[in-house]
Amino acid sequence: MSQELNVDLLSWWNEQSFAGKELFRLEEDGSLVLSANNNIKERAIATITPENGDVVIKTLQEKFDAVTSRVKELEIEWIAAEDKLKLADKVAAVKEYVHNTNALGDFEKPVSVIRDWEHTLYQLTEANHTAKLKLAELAESLAESEQWKEATQAFKDIADLWKQAGYLDKFRNDKLWNRIEAARKAFNDRKKTQHEEDEKDLLINLDLKIDLVEQAEAIAASEDWKKTTEAFHRLTDEWKTIGRAHNKKNEELWNRFMAAKSAFFDKKRDHFAKVQAEQEQNYITKAALLEKAEALKESTDWGNTAKAFSALMEEWKKTGRVPQEKGDDLWHAFTAAQEHFFSAKRQHTDAISQEQNANYELKKELLDRALRLKNSTRWGETSAEYTELLEEWKKIGPVPRIHSEKMWEDFLAARKHFFARKDENREQRKQYAVDQQAARIAEAKAMIGKHREELKEEQEKIVDFKAAIENITPGKKAEELRTHLEKLIAESTRQIARLQEKLALAESADKEAEKVEEPSSGEAAEA
């Protein structure tokens, strides 16, 4: 890039204005950089050229809108959530998204919101740590107690309070729980020893097993599958470490323990069977959505197909989880089909924009010619030229909407101005009318030839399309191709009818034109 282009690019950058611009800088080589500060790490987000500057800025701002929407969605969920700690993973995911999305906007705002969330999560976690630390310290203070019954109840209360305490990271949670378990074990060991001395081993074991049975029965209705499964494994292991109680009571307690354990694991098995069935049904539903997305991805009906993809995405979000081993592939295939369509749509939009700008330049030239001709006194030549201008105008495609109506009005005004002047001087242009009549005859004959040629082309198309139908190779796309060719035949048939109408009109016009009488010598002299 030349030094002159660098200067122009930097000058263009200085003229840009948007929220958060102070966070960005444009290097001389065109690199657009998000500057680092205490909350944001520096990164290059795009490369700007004089040709793509406006498009890149707009695209990056639209991406920032997506960033803002993502944070706002979580903010709504955050406000509504009673247990903020359950959103910790989502906060981390949004933070990763914000800090890695290349976009253009005031990043300080979403980063500040996320920082506040993290601070709140930290405070809540620390509060839970403090609560559980107190339980561990209380357990350790009971380890040497000789108030066997009261201390045993206190350990039960500690276990209940532990269940009620909130989330804590696994490392610290396990560490504190191990301290409680160690204290409890120390207490139970001492309790057991004391009872052994008094030949009360059976009563100690009975007490311990009653405790285990009560714990098992207390968690039998739980739906916290992972945590409760681990708890039952722990209780079973503890049961194995406890000696026998009185035979009758031992069997009774064992039956109660196993009933509680079976109740939980039966419910767990039923739950996961139901979840598996639901996920399989969800997989079928999402596979059907993927099939629809694949069918739409090559569509060029941009507006309706974009709405269709939006509807598919909404339905996808409403559909629940699928089996884990299938989920990622299904999602990647679905988003790939969607991106394929929208990428083509963006390219189409860019092409239309370029074409409309080119059309604008062409119509501007025609408008300039129309404005220069509006005061002409060369009636025949100028009328013909206006006709040519109008035909050329019609052949040129649309221009940007901001210019379209004004250009057309100016063009029509110039043309109207000329023909109004021409009508006022009609008596002086009778000879011109004769010449013009000849021109119309020639034009009618040319049109007849054109319509006949077009008619021949459409008839040949139908022959080709029918031959293509007969030669279709069987396969998945055969019916789709046949339908497409039949549509083309129908369109060509309609076009033939239109062309036959035009041809009839042109031939009629040609006959009428040839019937017109020659103007008198006086009229010819006035031209």
- Task: Could you run the Karplus curve 6.51 cos²θ - 1.76 cosθ + 1.60 with θ = phi - 60° over the stretch 63-78 and give me ³J(HN,Hα) per residue in whole Hz, x for Gly and Pro?
- Result: 5, 5, 4, 5, 4, 4, 5, 4, 5, 5, 4, 5, 4, 5, 5, 4
- Message: Using only Cα atoms and rounding to the nearest 10 degrees, what angle (0 to 90) does helix 3-15 make with the longest principal axis of the chain?
- Response: 70
- If you take the Cα atoms of the stretch 143-274, find Rg, then find the Kirkwood Rh from the mean of 1/r over all pairs, what is Rg/Rh? 0.99
- Task: Give the relative contact order (percent, whole number) for the stretch 1-102; include only Cα pairs under 8 Å separated by 6+ residues.
- Result: 18
- Under 5 Å between amide H atoms, partner at least 5 residues away or on a different chain: which partners does residue 24 have, H built in plane at 1.01 Å? 35
- Task: May I ask which of 63/318; 58/292; 364/502; 185/261; 297/395 have a Cα-Cα span longer than 28 Å here?
- Result: 58/292; 364/502; 297/395
- Query: ³J(HN,Hα) across the stretch 147-164 via Karplus (A = 6.51, B = -1.76, C = 1.60, θ = phi - 60°), whole Hz, x for Gly/Pro?
  - Reply: 8, 4, 5, 4, 5, 4, 5, 5, 5, 4, 4, 4, 4, 5, 5, 4, 5, 7
- Item | Above-threshold pairs, the threshold being 20 Å between Cα atoms, out of 227/268; 394/450; 86/326; 456/511; 149/248; 90/134 | 86/326; 456/511; 149/248; 90/134
- Message: Compute the angle between helix 170-197 and the longest alpha-carbon principal axis of the chain, please, reported from 0 to 90 degrees and rounded to the nearest 10.
- Response: 20
- Using only the Cα atoms of the stretch 3-106, construct the convex hull and provide its projected area averaged over every direction, in square nanometres to one decimal. 7.1
- Message: Sort 401, 25 by Cβ crowding within 10 Å, fewest neighbours at the top.
- Response: 401, 25
- What size of dipole, in debye to the nearest 20, comes out for the chain about its Cα centre when the only charges are +1 on Lys and Arg C-beta atoms and -1 on Asp and Glu C-beta atoms? 1020
- Query: By how many degrees, between 0 and 90 and to the nearest 10, does the Cα long axis of helix 225-241 differ from the longest principal axis of the chain?
  - Reply: 20
- Message: Using just the Cα positions, wrap the stretch 95-165 in a convex hull and report its mean projected area in square nanometres, one decimal place.
- Response: 6.1
- At 222 nm, what helix-only mean residue ellipticity would the chain give, in deg cm²/dmol to the nearest 500, using -39500 (n - 2.57) for each DSSP H run of four or more? -28000 deg cm²/dmol
- Item | Value of relative contact order over the chain, rounded to a whole percent, pairs C-alpha under 8 Å and six or more apart | 8
- Message: I'm spelling it out carefully: the read-out is semi-axes √(5λ) of the Cα gyration tensor in Å, the candidates are (1) 87, 33, 16; (2) 48, 30, 19; (3) 35, 27, 24, and one was derived from this structure. Which label?
- Response: (1)
- Message: Nothing charged except the Cβ atoms of Lys and Arg (+1) and of Asp and Glu (-1): what's the magnitude of the dipole of the stretch 440-497 about its Cα centre? Round to the nearest 20 debye.
- Response: 140
- Item | Relative contact order %, the stretch 335-480, counting alpha carbon pairs below 8 Å whose residues are six or more apart | 26
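None of the figures in this text is laboratory data; all of them are computed from the coordinates on show. Bear in mind the structure is a predicted one, so any value in this text is a computation, not a measurement. Don't worry about glycine lacking a Cβ; one is built from the backbone with ideal geometry, like all the others, and counts go over all protein chains shown.
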